[in-house]
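Note sheet for the following structure.
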Amino acid sequence: MATEVIPRQAAQAPPDTPPGGAPARHVRDPGRVLRLYVPLGLYLAFTLIPFYWMIVFALRPAGSTSPVPWPITFDHFATVWNDIGYAVFFKNSVIVGVLSLFFTTVIALMGGYALARFRFRGRGLFMVVLLCTQFIPGAMMLIPLFSIFRELGLINSLWSLVVADTVFNLPLSIILMSGFVTAVPFQVEEAAMVDGCSRPRAFFAVVLPQLRPGLIAVGSFAFIHTWNNFLFALMFISRQANFTIPVGLSYTIGEYSADFGALAAGGVVAALPVVCVFAVIQRYLVHGISAGAVKG
């Protein structure tokens, strides 16, 4: 039996290979390097220099003017944590932040799912109203909120901060969650319902696992906004035992003097949870919602 011999095709050189056979080297454009790295370097310096000086003030001894924190001392941290009552402020901020994160995430999940999956009259108008609420400054709502909380007996209570922060976090959180739910193909949920799942079971079994990046993003946004909120805590809380970190830090500044070492140490401790939260956000959002159940 005759065997047909198929000739091998010669390996083709890359299109940028010169006749000599050696691949061409890409010439680095110095102008592009300057346009890219100089603005990034300036922005990085503008962002990190204040943090550097905060760490310097927190770690160097009182009265020192050295730009380097040496010898290192932790007296300012001890002063903030023990003498000023920073441990109580930190606990209050954690309680308010976690509760606001929970309520914001749960309500935004329900509202975002409704906007993404159901078509009803006034849906577009409702989205516009949600967007317009972002243009209303919180200071305009202080008097109405104070009157409502006074009637409800929530003044000097951490629940006033939880309610106020949750309400102000919800509009943007619902819009963000609606986008994440829309990115999950409805065909996956529909296939689960065809197989016998009810809509709630299909949601928890199929849709909710795909929303993990969205839940983390919305929850982190709510936590960071609540953690840094100063205005509501200043207006609704006057009892020192219920102060949060922003209000507690403001009391390190006196009328004629300021303890910059204690203020910087408190700022370092306050920034650590936010830095950790951003690290978690980056870890989960890199994968994105595109890694869902439907590919190809």
Self-check item: Where labels lie 7 Å past Cα in the beta-carbon direction, separation of ALA62 and PHE278 in nm
Solution: 3.1 nm
Exercise. Pull out a ≥ b ≥ c, the square roots of the eigenvalues of the alpha-carbon gyration tensor of the stretch 86-291, then state rounded if a/c is under 1.5, prolate if not and a/b is larger than b/c, and oblate in the remaining case.
Key: prolate
Self-check item: Label-zone membership for the stretch 155-190, site ILE95, 7 angstrom Cα→C-beta point, backbone N under 19 Å
Solution: 155-167
Quiz prompt | Qualifying chymotrypsin sites (Phe, Trp or Tyr not before Pro) for the stretch 107-164 [loop in DSSP, other Cβ within 10 Å: at most 14] | solution = PHE118, PHE120
Quiz item: Using θ = phi - 60° and the Karplus form 6.51 cos²θ - 1.76 cosθ + 1.60, what ³J(HN,Hα) does each residue of the stretch 155-163 get, whole Hz, x for Gly and Pro?
Solution: 5, 6, 10, 5, 5, 5, 5, 4, 5
Quiz item: Going highest first, how would you order 221-229, 63-71 by mean Cβ packing within 10 Å?
Solution: 221-229, 63-71
Practice problem: Per residue of the stretch 207-218, in order, report the coupling 6.51 cos²θ - 1.76 cosθ + 1.60 (Karplus, θ = phi - 60°) as ³J(HN,Hα) in whole Hz, putting x for Gly and Pro. | Solution: 7, 4, x, 6, 9, 4, x, x, 5, 5, 5, 5
Self-check item: Area accessible to solvent at VAL128, 1.4 Å probe radius, in Å²
Solution: 80 Å²
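The values are calculated or read from the model by the stated rules, or taken from the named source; none is laboratory data. Worth saying up front: this structure is predicted, and the values here are computed from it rather than measured. Virtual Cβ from ideal backbone geometry, glycine too; neighbours counted across all protein chains shown. For accessibility, only protein heavy atoms count, side chains too; no ligands or nucleic acids. Shrake-Rupley method; radii C 1.70, N 1.55, O 1.52, S 1.80 Å.
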